[in-house]
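The values are calculated or read from the model by the stated rules, or taken from the named source; none is laboratory data. Nothing here was measured: the structure is a model prediction, and the numbers come from that model. When we count neighbours, we look across all protein chains shown, and the Cβ atoms used for this are built from the backbone with ideal geometry, even at glycine. Accessible surface is based on the protein model in full, side chains and every heavy atom, while ligands, DNA and RNA are left aside. Shrake-Rupley method; radii C 1.70, N 1.55, O 1.52, S 1.80 Å.
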Amino acid sequence: MMKNILLSTIFLMVFAPFAVAQEHHIEVISDGHQFTEGPLWHDNALWFSDIPANTIWRWQPDAAPEVAVRPSSEANGLIVDHDGLLVMAQHDARRIARLNKDGTQTALATEYQGKRLNSPNDLVLGENGVLYFTDPPFAISAEQQELSFSGVFALSPTGDLTLIDDKLHRPNGIILNPQQTTLYVTDAYRWQIFAYDVTAEGVSNKRLFAELDGEYDQGMDGMAVAADGTLYVAGPEGIYVYAPTGELKETISLPNFTANVTLVETDKRVLYVTNQTEVIKITLNHSH
């Protein structure tokens, strides 16, 4: 079902309208999935979700992917906490949950002010132990929705849940900058990225960081950030590369539904991209 395929000139010819810049090395490392999401580089392996398949996979270079968690409660975004434990945004259970060492799961956030969360989507953990996540209603019907808004939340290390923003239409991807001073959130189908200041007092000073012109079938989705602040954003036509100032520096065009991205910084930056039925590795042959 899954195979490693080195993308060649043939790939670039077949998908000519979506051709990726020639200086980037492109490789499909896993395919045959239903809808991939939540890429996470941890313990020298790539972890990623296949939401409809109810599975979290673990892939190591030169090996086939193996099942890490099944059932995953249709997990989407994945992170690792400060104890090295996997934390998942679960669509089906409508919660943030931790996978314990014995294989059991602990719910970390399930409701806000007595009402069930929508369908937690993406998450990021600050160095101070605060977990930030988005909660759009992508995985539930209107009848199932108990909250009257799509939220961006902060979960404290003691379990206190704070609403950061209830004004975004469909908050989706979320990431912190390397200095832990700026929180970025995408508003999927308004094709916008917002930035917020992060201080010891909380999150404030919401502002528009960047946006795309026009409307697309696909929204703005997951993000990764480099040590120098360069932001890599999964979006309608591939990966959008932004400077910390909000300037769009490059678009790495890809076919299919580019849902999320994570970054590994070596001598060359490596992006792992969940791209609908595939997971793609992009080795960037230049720095941004």
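Rounded to the nearest 0.05, what FRET efficiency do residue 190 and residue 283 give with R0 = 35 Å and r taken as the Cβ-Cβ distance? Could you check? Can you show the working numbers first?
Values: r = 32 Å, r/R0 = 0.91.
Approximately 0.65, to the nearest 0.05.
Tell me the net charge near residue 170. Cut-off is 9 Å between Cβ atoms, residue 170 excluded, with +1 for each Lys or Arg and -1 for each Asp or Glu.
Values: positive: 190; negative: 187.
Summing Lys/Arg as +1 and Asp/Glu as -1 gives 0.
Around residue 190, under 10 Å between beta carbons, what's the net of Lys plus Arg minus Asp minus Glu among the other residues?
Working: positive: 170; negative: 187, 211, 215.
Surrounding charge for residue 190 is -2.
Name the residue from 261, 178, 42 whose Cα lies farthest towards the positive end of the charge dipole of the chain, charges +1 on Cβ of Lys and Arg and -1 on Cβ of Asp and Glu.
42
Which number comes out as Rg/Rh for segment 182-288 once both Rg and the Kirkwood Rh are worked out on C-alpha atoms?
On the way: Rg = 13.7 Å, Rh = 14.2 Å.
Looking at segment 182-288, the ratio lands at 0.97.
Taking the Cβ-Cβ separation of residue 158 and residue 253 as r and a Förster radius of 45 Å, what is the calculated FRET efficiency to the nearest 0.05? Mind showing how you got there, number by number?
Numbers: r = 44 Å, r/R0 = 0.98.
Taking R0 as 45 Å, the efficiency between residue 158 and residue 253 is 0.55.
Roughly how many Å² of residue 163 are accessible to a 1.4 Å probe, to the nearest 10?
50
Among 270-276, 180-186, 101-107, how do they line up by average Cβ neighbours within 10 Å per residue, starting with the highest? Please list the in-between numbers first.
Working: 270-276: 23.6, 180-186: 21.0, 101-107: 10.3.
Put in order of decreasing packing, that is 270-276, 180-186, 101-107.
Percent of accessible area on the chain owned by carbon and sulfur, 1.4 Å probe? Could you put the intermediate results ahead of the total?
Working: 5810 of 12440 Å².
That share works out to 47 percent.
Post the alpha-carbon centroid distance, segment 188-239 to segment 126-154, in whole angstrom.
Distance between centres, Cα-based: 16 Å.
On the full set of protein chains, 1.4 Å probe, figure out the accessible area of residue 47 and give it in Å² to the nearest 10.
For residue 47, solvent-accessible area is about 40 Å².
Order 122, 160 by their accessible area, 1.4 angstrom probe, all chains in place, largest first. If you can, show how the numbers build up before the last one.
Numbers: 122 10, 160 95 Å².
Result, largest first: 160, 122.
With N residues in segment 64-143, what two-decimal value do you get for its Cα radius of gyration over 2.2 N^0.38 Å?
With N residues counted in segment 64-143, Rg over 2.2 N^0.38 Å equals 1.10.
What shape does segment 85-208 take by its C-alpha gyration tensor, where a ≥ b ≥ c are the square roots of the eigenvalues and a/c under 1.5 counts as rounded, a/b above b/c as prolate, and the rest as oblate? Spell out each step's value before the answer.
Working: a/c = 1.70, a/b = 1.10, b/c = 1.55.
Since a/c reaches 1.5 but b/c is at least a/b, the shape of segment 85-208 is classed as oblate.
Would you calculate the separation in nanometres between label points at residue 100 and residue 266, each defined as 7 Å from the Cα along the Cα-to-beta-carbon direction?
3.7
How much of the calculated P(r) for segment 162-220 lies past 12 Å, in percent of all Cα pairs? Don't skip to the end; give the middle numbers.
Working: 1128 of 1711 pairs.
Result for the distance tail: 66 percent.
Provide the packing ranking of 144-154, 229-239, i.e. peptides ordered by the mean count of other C-beta atoms within 10 Å per residue, highest first.
Working: 144-154: 18.1, 229-239: 22.6.
Put in order of decreasing packing, that is 229-239, 144-154.
Could you report the chain's accessible area per residue, 1.4 Å probe, as an integer in Å²? All intermediate terms of the calculation are to be shown ahead of the outcome.
Values: 12440 Å² over 288 residues.
For the chain, the per-residue accessible area is 43 Å².
Could you tell me the ratio Rg/Rh of the chain? Both radii from Cα atoms, Rh via Kirkwood.
Working: Rg = 17.8 Å, Rh = 18.9 Å.
So for the chain, dividing Rg by the Kirkwood Rh gives 0.94.
If you plug each phi of segment 84-100 into the Karplus form 6.51 cos²θ - 1.76 cosθ + 1.60 with θ = phi - 60°, what whole-Hz ³J(HN,Hα) values come out, in order, with x for Gly and Pro?
These are the phi-based 3J(HN,Hα) values: x, 9, 6, 10, 10, 8, 9, 5, 5, 7, 6, 7, 9, 9, 9, 8, 7 Hz.
Count charges around residue 284 for me, please; just the other residues with Cβ under 14 Å from its Cβ, Lys/Arg as +1, Asp/Glu as -1.
Neighbour charge sum, excluding residue 284 itself: -2.
Whole-Hz ³J(HN,Hα) for each residue in segment 29-43, computed from phi via Karplus 6.51 cos²θ - 1.76 cosθ + 1.60 with θ = phi - 60°, x for glycine and proline: what do you get?
Coupling constants for segment 29-43: 9, 7, 8, x, 8, 9, 7, 8, 7, x, x, 9, 8, 8, 6 Hz.
Could you go through segment 130-146 in sequence order and give the Karplus-derived ³J(HN,Hα) for each residue, using 6.51 cos²θ - 1.76 cosθ + 1.60 with θ = phi - 60°, rounded to whole Hz, and x for Gly and Pro?
Per residue, the Karplus-derived 3J(HN,Hα) values read 7, 9, 9, 8, 9, 9, x, x, 4, 9, 10, 8, 4, 5, 7, 6, 9 Hz.
Which length gain, in nm to one decimal place, applies between residue 146 and residue 213 when the Cα-Cα distance is subtracted from 0.36 nm times their residue separation? Don't skip to the end; give the middle numbers.
Working: separation 67, 0.36 × 67 = 24.12 nm, distance 3.24 nm.
Value of the extension gain: 20.9 nm.
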